Amino acid sequence: MTNMQKLRSIGLYSAIVAIAVGVLAAYGLPSMVSNSANTYTTNSQELGMLGHVTLIVTDPQGNIKDYRQGDNTVITTSKSCTAKILFGGTSTLCASPGTATWTTIGIGSGGSPPTQPADTVTRLVTEYSSFGLNRAAATGTSAVLTDASTGVGAKSVIQATFTNTDSSSHNVNEAGLFNGTSLTTSGMFAAQTFTAISLNQNDALTVKWTITVG
């Protein structure tokens, strides 16, 4: 075969290949040419729950004596209860009422700051049940929900105020967010410990819990 015939053969084969690739592309079939731009990727999104606590102490005249803020521990049980409320079914961890909302705040004196509570705790170490420091349920504007927007999660703000009615002072170094007023059976959603705050008679402690979902 002469060189001219070889060149013609190569040209013919090249044309056939080009036509075949064009036909495959026209009918939506995958091309034989590898192209990294045609590969598919899967992006996952996490639906997280974050908590932030603000503590404000005021004297009987309303003057601010102390101000604290920090992130909390979201309890494992609360994550299970959240899934149960959303999708139904049973949960071995969520034994508390699945229909109650977490809008009750409790405070206590048995925390161990600066160590945060483990995510397996179910109640405060030493929760108050008297002196005006017992669990308080947020009502009205004290429980506010802000809908999520693009790139920003939904926020729920739960707030309660405790006033020490005892003639003696009391220390507070732990707080919890619950779905009921019972100290023994109500489910805990989140907890936080902090350096002790001393409440004199008629001093008030406002606890504001901000939960962000997503």
Calculate, in nm to one decimal, what Val121 and Val213 gain on full extension: separation in residues at 0.36 nm each, minus their alpha carbon distance.
31.0 nm
Using Cα pairs closer than 8 Å and at least 6 residues apart in sequence, work out the relative contact order for the range 122-214, in percent.
33 percent
Quick one: grab the alpha carbon gyration tensor of the range 112-169, order the square roots of its eigenvalues as a ≥ b ≥ c, and give me rounded if a/c is under 1.5, else prolate or oblate depending on whether a/b is larger than b/c.
oblate
Extended-chain gain in nm, criterion 0.36 nm per residue less alpha-carbon gap, Val144 and Asp59:
28.0 nm
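Bear in mind that the values in this text are calculations on the coordinates, not laboratory data. Note that the structure is a prediction, hence the values are computed from the model and not measured.
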